[in-house]
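Note sheet for the following structure.
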Amino acid sequence: MQIIQTDVLIIGGGLAGLRVGIGAKRRGHDVIVLSLVPPKRSHSAAAQGGMQASLANCLKGEGDNEDVHFADTVRGSDWGADQDVVRMFVNTAPKAVRELAAWGVPWNRVQRGERSVIINGERVALQEKDTSHGLIDARDFGGTKKWRTSYVADGTGHSMLYTMSDQAIAQSIPVHERTEAIALIHADGRCYGAIVRNLITGELIAYVAKATCVATGGFGRIYRVSTNAVINEGIGAAIALETGSAVLGNMEAVQFHPTGIFPAGILVTEGCRGDGGLLLDRELHRFMPDYEPDKKELASRDVVSRRMEQHIAAGHAARSRFGEHLWLDIRLLGRQHIDTKLREVKEICHYFLGIDPVEELIPVRPAQHYSMGGIRTDHTGHSPTLRGLFSAGEAACWDMHGFNRLGGNSVAETVVAGMLVGEYVADYCDSADSDITISSALIRETGARQAAALRQLAERSGGEHAYTLLKEMQQTMTDNVGIFRDQERLQTAVDQLQALLVRSRHLSLRNQARGANPELVAAYRVQKMLKLAVCVAYGALQRTESRGAHYRRDFPQRNDRDWLNRTLAVWPGEEATLPTLSYEDIAIMKMELPPGWRGYGDKDYIDHPDTPRRAAEIEQLVAQLDAKDRFSVQRALLPYEHLLPGRYRGRNQRLGESGND
Amino acid sequence: MTDIIETSHRRLSFHILRYNPQDESSKPTMQTFHLEEAAGMTLFVALTEIREQQDASLNFDFVCRAGICGSCAMLVNGKPALACRTLTRDFGADITLTPLPVFKLISDLSVDTGRWMRDMSERLETWVHGSDVDPDVDRLEERMEPELAQQIYELERCIECGCCVAACGTAHMRQDFVGAVGLNKLARFRLDPRDEREDADYYELVGDESGVFGCMTLLGCEDMCPKELPLAGQIAFLRRKMAAQGMVKKVSKT
C-alpha cells in the first residue's frame, strides 16, 4: 500500500477544510486536502442567503456589535451552545468577512440614499447614510435583532467557496480530488492520518499526518427529505466514531429548514423571508403572526418549522398531488429585487417547479437541513479524547450552535472555525506534542483491515443490497426522528436502525466493476451512516425534554434542571448496535447569558436552580464595576480573549463606534 | 394556485454510453434502459432510479442536485446540459446521454472536470493579485461601488460545469485552449479593482491562440451556458483589450 506523508491532512474541501489548510500552510506546514468531489462542488457552494457578522454598516444594522450577535446566537441555541466558543466566533466573524472581501468576494455594498425594502409585509423607505456608502451591506435573517447577514445576492456560499478555493490554489495547496477517507489510523488515543480510497481507481492509500482535520460537513442524507447535497453522508464523522475514541456530540440536534421546495426538498434561502417574503396557508392567510407575534416569519428556524408543521396538522395545508405543503410568497418583493438578489431562487423555481416566483407562490415544507451535532472538540477544534484529530465546520461540535443554529451562522462558522482551527493546528504542528512515532505495522494492519472488509463486500453473494437498506434508514429517520418526536416513534426508529445495522453487516453487491463502483461506495457508506443514524435516534430517545430543534411532544418543556447538558456518544465496538451515551454539563455559573426566554417560541421551561443565582451574581458584578464601556463588562462576565489565537484578538472597527481603533 | 403540471406516464428509453477505462475488458457501447416516467422527473431522479433498480454499476456525478454546483453536466441528446435540472417531460421518449467531450472520462457519464479546471486556474492565476492578501482584518473594509460589486458577481456566477468547453469548437481542436470559462474568469478579475494586474499581465496569460485569440466566435459557449453568462460579449471585449495590448507590445519592441 502506498503511503503519503504530510504535516496536516484535511478531510473535506469545503469552506472550513480549505480555510484550515490555508492557515496551516501559511504557517509553514505541508497540507494535503482530500475531497470527494472537485472542491468547488462542495456543499458550501449551496449556501445562498449569507453570513452573519456584526459589521453594523447599513441603517438597520446600526447599534449591532459582538454582544448583540452573541446574545442572538446563544438564544438561538436554546442555551445549548458553549458560550466561550460563541464569544470567539462573534469576535472573529467580522474579520472573516473582511478577509474574504480582500480576497475578492463581491459582497453586496450599501448604496447611499433611499432604499426601498419590505418590512412586515409593508414597503418602507430607508435612508442609508453617506458614510456607509460602499461598505458591506447586510440583510435581515431569522432570530436576529439586527440586519447582520452579509451577502452576495443569493449566491453567497458560491462566491465564498470559489474565492477560498482559488486562494488555496494560489497557496499551492494540493487537493486530492475524488478520494474518500474510510478509516482513521489511530492507536492509544492518538490519530495518525487515514486510510483513503481513490474513488476513480478503487486503490487504497495510507495518508500519515501529524494532524488530521475532519471537515466533511453534515450528515443530512440519513434522512429521506433533506436540502443537503447527495455527498452529505457524514462519513467523516462516522470514521471518527468508529475509532471508539473520538466522541460525537449532540447528534440528536438536527435542524429542519422552513423552506425546502415541495416535494424535492431543494432549499430556497431564508433570505426570501429576511427580505420580506411571507408564509401563507391554503387560504392564503399569513399565519406566522398568529403564532409568533413578535418575530413572525423571522423567528428561529426550529420555531418556524414547528409552527408550519403545527399549522399543517391543524388542517390548513395546501395540497398538491405530492401531498401537503404551505406557500412562500415573495411576489411582494418585486421583479427587480428577485432578479438581482434572489436569482438562484428564481432559477430553482423555474427549473424544479416550473413557476416564476415574481408572479406565483412557491410550495414549501420544512426539510432536514443542518447537523448541529458532530465530532466533539474543545474550543481549538481538537478532540480531547483522540489527540491529533481536529474537526471544523458542520462536521464538528465545538459547540457554537447548541440545539439550534441561526441562519447565516453556518457559512460564518465554516470560515471562522477555519481561521481559528487553522492557527491551532499550526500551533500543534509547531509543538513537540505533534511528534509522531508510528509503527509501519499499524499502517499496514489498518489498511489490511479495510481492504479485507471491501473484499468481503465484493465477494459475498446472496446478501441484501445497499440501496434497500439506505432507503429504509432514510424513511425511518424522516418518519420517526423528524420535527415532532416522541417515545414511541423514537423507540421504533432505534429498533429499526439496530436491525438495519445488523443486516448491513451481510450486504452483497450486484456488480463487481473495478475502479469507480458506485454500489460498493453505497455499501460501505450505509454501514457507517447507520451508526450515525442510531446515534441521532438514540440520543433523541434518551433526551426527555425539548430544546431548540429537538422537540419531544411527550416532554414539551425545555428542562434546564435535568438536561442543560451536551450528549456525548461513543461507539463501543465493532459488534455494537448502540452507542454508549454520557452527558457533559453546561455550567450556568460560568455563563455570560444565563438561560431565559428566547424571545420567540414557547415561554414555558423548567429552570435550573443556578439560573437565578447566576443572574443575581451578574447583576451584582455589573453594579460593582460601574464600567464605562461594554468591553470591560463583558470581560468581567466571561473572559475569552486568551482563548483566541494571538493574531485574531483585535477589536473590530465599526462606523460610529469609538474605542475600537 | 400553482399545481405541478400533469405528466402522462410515458415509458422512456435512455440510451447511455457505457465505458469504464479502469476495466480492461470494458468496450465503449450504448446501453438502453427503460423507465416509467414520473411527474416532475429530472435526469437526477431517472438516473438514480436506473442505478438503484437496474444497473448498480452505472457511473454519473451529482452533488447538489439543485443546479448550482456544476457536477452533472453531460450531453443530453447531443447538447451539453446540467442533468439535475433537466426535466424528462421536455424531451421525447428516447433520450440519449453521453459524457461531456474534451474532459478525461472517468467512467460512463462521469468526467474529470476538476483536474481541467484546476489546471486552468493555475495557469490563469484566477485569484486576486494584490498587496492586500493578508489584510488587517480589524479595520473597516475597503469601499466598493455597489454597482461594481454586482457586475463582478454577474461574471462570478460561473459554476465551472464545463458546458462551454464541451460546446466549443476550439476546445475540441486545441487541448490547451482555456475556454470561455477561463476567459470569463479573467474578465471577472480584470473588472475587480482589488486585482492589481494590468492588461500587460493578462496579455501574458491569454494573448495567444490558446487564449483569447483562439476563439472562433461560434458562440456555442454562450448558447449552452446554464447560468446564461454573457460569455461572447466578455470574450469580444477581452479580445479588443488584448489586441490593443498586443499593438502596444509590438510598438514598444520596435
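Could you please give the count of residues in region A:596-644 that are surrounded by fewer than 17 Cβ atoms within 10 Å (Cβ to Cβ) and among the polar types (S, T, N, Q)?
Adding up the residues that qualify gives 3.
Hey, can you tell me all the residues within region B:204-220 that are open to solvent by 50 Å² or more (accessible area, probe 1.4 Å), over 16 Å from B:M120 (Cβ atoms) and not in a loop (DSSP other than H, G, I, E, B)?
B:F213
List the strands (runs of 3 or more DSSP E) inside region B:33-142, counting only whole elements, that have at least 1 residues being away from every other protein chain (no Cβ under 11 Å), in contact (Cβ under 8 Å) with a residue 60 or more places away in the chain and surrounded by fewer than 18 Cβ atoms within 10 Å (Cβ to Cβ).
So the answer is B:79-82, B:94-98.
Quick check on region A:506-546: of everything there that is within 15 Å of A:E472 (Cβ to Cβ) and over 22 Å from the mean Cα position of the chain (by Cα), which residue is most open to solvent (accessible area, probe 1.4 Å)?
Top of the filtered list is A:H506.
Among the strands (runs of 3 or more DSSP E) contained in region A:171-266, which hold 3 or more residues that are more than 17 Å from the chain's Cα centre (by Cα) and in contact (Cβ under 8 Å) with a residue 12 or more places away in the chain?
A:175-177, A:179-187, A:190-198, A:204-214
Restricted to region A:341-384, and to residues that are on the phi < 0 side of the Ramachandran plot and of a type in the set (G, A, S), which residue is nearest to the other protein chains (Cβ to nearest Cβ)?
So the residue we want is A:A367.
Output yes when any residue across region A:122-131 is touching a helix residue (DSSP H, G or I) at 6+ places or on another chain (Cβ under 8 Å), more than 14 Å from every other protein chain (Cβ to nearest Cβ), outside any loop (DSSP other than H, G, I, E, B) and crowded, with 22+ Cβ neighbours inside 10 Å, and no when none is.
no
Take the residues in region A:443-480 that are among the charged types (D, E, K, R) and over 31 Å from the mean Cα position of the chain (by Cα); name whichever of them is surrounded by the most Cβ atoms within 10 Å (Cβ to Cβ).
Within region A:443-480, the match that is surrounded by the most Cβ atoms within 10 Å (Cβ to Cβ) is A:E464.
How about region A:331-355: which of its residues are buried (at least 19 other Cβ atoms within 10 Å of the Cβ) and of a type in the set (V, I, T)?
Matches in region A:331-355: A:I338, A:V345, A:I348, A:I355.
Scan region B:144-152 and give yes if some residue there is within 14 Å of chain A (Cβ to nearest Cβ), closer than 30 Å to A:G23 by Cβ and assigned to a loop (DSSP other than H, G, I, E, B), otherwise no.
Within region B:144-152, one or more residues are within 14 Å of chain A (Cβ to nearest Cβ), closer than 30 Å to A:G23 by Cβ and assigned to a loop (DSSP other than H, G, I, E, B).
Restricting to region B:17-31, give me the number of residues that are of a type in the set (D, E, K, R), open to solvent by 40 Å² or more (accessible area, probe 1.4 Å) and modelled with pLDDT of 95 or more.
Residues that pass the stated criteria total 1.
Please pick out the residue among A:L520, A:L507 that is closer than 24 Å to A:T201 by Cα, in contact with a His (Cβ under 8 Å, 6 or more places away or on another chain), hydrophobic (A, V, I, L, M, F, W, C) and within 14 Å of another protein chain (Cβ to nearest Cβ).
Residue meeting the stated conditions: A:L507.
List the strands (runs of 3 or more DSSP E) that sit entirely inside region A:288-394 and contain at least 3 residues that are touching a helix residue (DSSP H, G or I) at 6+ places or on another chain (Cβ under 8 Å).
By residue number, A:323-329, A:362-371, A:389-391.
Among (1) under 30 Å from A:D130 (Cβ atoms); (2) part of a loop (DSSP other than H, G, I, E, B); (3) open to solvent by 40 Å² or more (accessible area, probe 1.4 Å), there is one condition B:D176 misses while meeting the rest; what is its number?
Of the numbered conditions (1) under 30 Å from A:D130 (Cβ atoms); (2) part of a loop (DSSP other than H, G, I, E, B); (3) open to solvent by 40 Å² or more (accessible area, probe 1.4 Å), the odd one out for B:D176 is (1).
For A:V20, are the conditions met, namely being within 16 Å of A:L161 (Cα to Cα) and not in a helix (DSSP H, G or I)?
For A:V20, the condition - within 16 Å of A:L161 (Cα to Cα) and not in a helix (DSSP H, G or I) - is not met.
Could you list, in sequence order, all residues of region A:645-661 that are in a helix (DSSP H, G or I) and open to solvent by 70 Å² or more (accessible area, probe 1.4 Å)?
A:R647
Pick from B:V133, B:V76, B:V111: which is within 30 Å of A:S132 (Cβ to Cβ) and in contact with a Phe, Trp or Tyr (Cβ under 8 Å, 6 or more places away or on another chain)?
One residue alone meets the criteria, B:V133.
How about region A:37-65: which of its residues are at the interface with another protein chain (Cβ under 9 Å from one of its Cβ atoms) and either under 18 Å from A:A101 (Cα atoms) or of a type in the set (F, W, Y) (or both)?
Within region A:37-65, A:A45, A:Q48, A:L55, A:N57 qualify.
The values are calculated or read from the model by the stated rules, or taken from the named source; none is laboratory data. Model, not experiment: these values are computed from the prediction. Glycine also receives a Cβ, built like all others from the backbone with ideal geometry; neighbour counts cover every protein chain displayed. For accessibility, only protein heavy atoms count, side chains too; no ligands or nucleic acids. Shrake-Rupley method; radii C 1.70, N 1.55, O 1.52, S 1.80 Å.
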